[in-house]
Amino acid sequence: MVSLNRLISGHTSLADSLFRHQIIKSPACECGDLNQSANHIFWQCPLFDKERTALLSSLRAIFNTNPLCIEQLLHIMNAKTIDALARFIDAVFIRIL
């Protein structure tokens, strides 16, 4: 739940957030993308394709469509959405806190 609250507030330990706060020198992702944002991790990062497949399957069952961005999901939170996002966060072992 803390991870989801951090996503909502935009204060995460992802590279783009740490870079904005001048804690690290680059917002780049380990995959080579120029910006490790929450949207990149959830929807684009090739390092997490397998985990994303499970996430998208869960979200399609809830919404009958793919979400457009993580911010969209965070504003329509319900128990099933929270569970799907939390399982993805746990599965990718990425530190959002």
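Throughout, read-outs are computed from the coordinates displayed, never taken from laboratory work. What you see is a predicted model, and the numbers here were worked out from it, not measured in a lab. Don't worry about glycine lacking a Cβ; one is built from the backbone with ideal geometry, like all the others, and counts go over all protein chains shown.
Would you check if Leu59 is surrounded by 16 or more Cβ atoms within 10 Å (Cβ to Cβ), over 14 Å from the mean Cα position of the chain (by Cα) and among the hydrophobic types (A, V, I, L, M, F, W, C)? Lay out the reasoning, then the answer.
On the way: surrounded by 16 or more Cβ atoms within 10 Å (Cβ to Cβ): yes; over 14 Å from the mean Cα position of the chain (by Cα): no; among the hydrophobic types (A, V, I, L, M, F, W, C): yes.
No.
Between a first residue in the stretch 59-71 that is in contact (Cβ under 8 Å) with a residue 40 or more places away in the chain and a second residue that is surrounded by 14 or more Cβ atoms within 10 Å (Cβ to Cβ) and in a helix (DSSP H, G or I), which pairs have beta carbons less than 8 Å apart while being 6 or more apart in sequence or on different chains? Note: pairs meeting the criteria are Ile70/Leu7; Ile70/Ala38; Ile70/Asn39; Ile70/Phe42; Ile70/Trp43.
Spot the failing condition for Thr53; the list is (1) part of a helix (DSSP H, G or I); (2) under 20 Å from Phe19 (Cα atoms), and only one is missed. Of (1) part of a helix (DSSP H, G or I); (2) under 20 Å from Phe19 (Cα atoms), only one is false for Thr53: (2).
Would you be able to tell me the number of residues in the stretch 41-58 that are in contact (Cβ under 8 Å) with a residue 12 or more places away in the chain and either among the basic types (Lys, Arg) or closer than 17 Å to Arg6 by Cα (or both)? I'd like the intermediate steps shown before the answer.
Of the stretch 41-58, the ones in contact (Cβ under 8 Å) with a residue 12 or more places away in the chain are 41-43, 45-48, 51-52, 54-55, 58.
Narrowing further to those that are either among the basic types (Lys, Arg) or closer than 17 Å to Arg6 by Cα (or both): 41-42, 52.
Residues flagged as in contact (Cβ under 8 Å) with a residue 12 or more places away in the chain and either among the basic types (Lys, Arg) or closer than 17 Å to Arg6 by Cα (or both) within the stretch 41-58 amount to 3.
Taking the criterion of being within 12 Å of the chain's Cα centre (by Cα), among the β-branched types (Val, Ile, Thr) and in a loop (DSSP other than H, G, I, E, B), would at least one residue in the stretch 67-75 satisfy it? No, there is no match, as no residue in the stretch 67-75 is within 12 Å of the chain's Cα centre (by Cα), among the β-branched types (Val, Ile, Thr) and in a loop (DSSP other than H, G, I, E, B). For the stretch 62-76, filtering for residues that are of a type in the set (S, T, N, Q) and surrounded by 12 or more Cβ atoms within 10 Å (Cβ to Cβ) leaves 0. Scanning the stretch 1-15 for residues being in a loop (DSSP other than H, G, I, E, B), touching a residue at least 40 places away in the same chain (Cβ under 8 Å) and not β-branched (Val, Ile, Thr) gives a total of 3.
Would you check which residues across the stretch 28-50 are assigned to a loop (DSSP other than H, G, I, E, B) and within 15 Å of Ala84 (Cα to Cα) and list them?
First, pick out the residues of the stretch 28-50 that are assigned to a loop (DSSP other than H, G, I, E, B): 28-37, 45.
Within the stretch 28-50, none qualify.
Residues in the stretch 16-27 that are surrounded by fewer than 16 Cβ atoms within 10 Å (Cβ to Cβ) and assigned to a loop (DSSP other than H, G, I, E, B): His21, Gln22, Ile23, Ile24, Lys25, Ser26.
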